[in-house]
Amino acid sequence: MIIAVIGSFLFLLVAILYALLALGFPYGEFAMGGKYTVMPLKLRIACGFSVFIQLFAIIIILQTANLIPNFFSIGTTRGICFFFAAYLTINTILNGFSNSKKEKWIMTPMALLTALCFWITAIMF
C-alpha cells in the first residue's frame with residue numbers, strides 16, 4: 001500500500017513539472033531531452049495533455065492498491081497499472097540517454113522509482 005502512495009506522489013511531482021512546462025515555465029531541461037528551456041507551443045500543448053495522462057496513472061495505481069474506489073474492474077485496473085509500469089520502464093531507459101544532465105540525473109532515477117512502484121503494485125495487488 002505504501003508503495004502505491006510513493007508511486008503516486010512521485011508521479012504527481014512529474015505532473016506538476018509538466019503542468020509548469022505547459023504554462024511556459026523555464027524547466028524544459030528536465031523533460032523531452034532538455035532541448036528547450038521554455039517549450040514551444042506544440043510541446044506545451046503536449047505537456048498539458050500528458051498531465052491528464054499522468055493524473056490518470058495516479059488514479060490507476062491508487063485503485064490497484066485498493067486505496068480509492070475502482071472505476072474499472074480490478075483486472076482492467078491492474079492491466080492498466082502494468083501498462084504504466086512498462087511505459088515508465090521505457091521512459092527510464094530513454095531518460096538515461098538524454099543529452100540533458102538535469103533530465104538524466106534527476107528524472108531518470110525518479111522514473112525508475114516510479115516504475116518500480118507501479119510494477120510492485122501491479123504484481124502484489
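Points to keep in mind about this one:
- Count of the range 1-49 residues, restricted to those that are of a type in the set (Gly, Ala, Ser) and more than 22 Å from TRP119 (Cα to Cα), is 9.
- Flag for PHE82 being farther than 15 Å from PHE125 by Cα, surrounded by 14 or more Cβ atoms within 10 Å (Cβ to Cβ) and touching a residue at least 40 places away in the same chain (Cβ under 8 Å): no
- Checklist (1) crowded, with 16+ Cβ neighbours inside 10 Å; (2) at pLDDT 95 or above applied to ILE16, failing item: (1)
- The set of residues from the range 109-125 being within 18 Å of LEU55 (Cβ to Cβ) and of a type in the set (Phe, Trp, Tyr) comprises just one member, PHE118.
- The requirement of being among the aromatic types (Phe, Trp, Tyr), in contact (Cβ under 8 Å) with a residue 40 or more places away in the chain and assigned to a helix (DSSP H, G or I) is fulfilled nowhere in the range 44-51; no residue meets it.
- Residues (surrounded by 15 or more Cβ atoms within 10 Å (Cβ to Cβ) and either among the basic types (Lys, Arg) or assigned to a helix (DSSP H, G or I) (or both)) located in the range 95-105: ASN95, GLY96, GLU103, LYS104
The values are calculated or read from the model by the stated rules, or taken from the named source; none is laboratory data. Worth saying up front: this structure is predicted, and the values here are computed from it rather than measured. Here the Cβ is made from the backbone with ideal geometry for all residues, glycine too, and neighbour counts use every protein chain on show.
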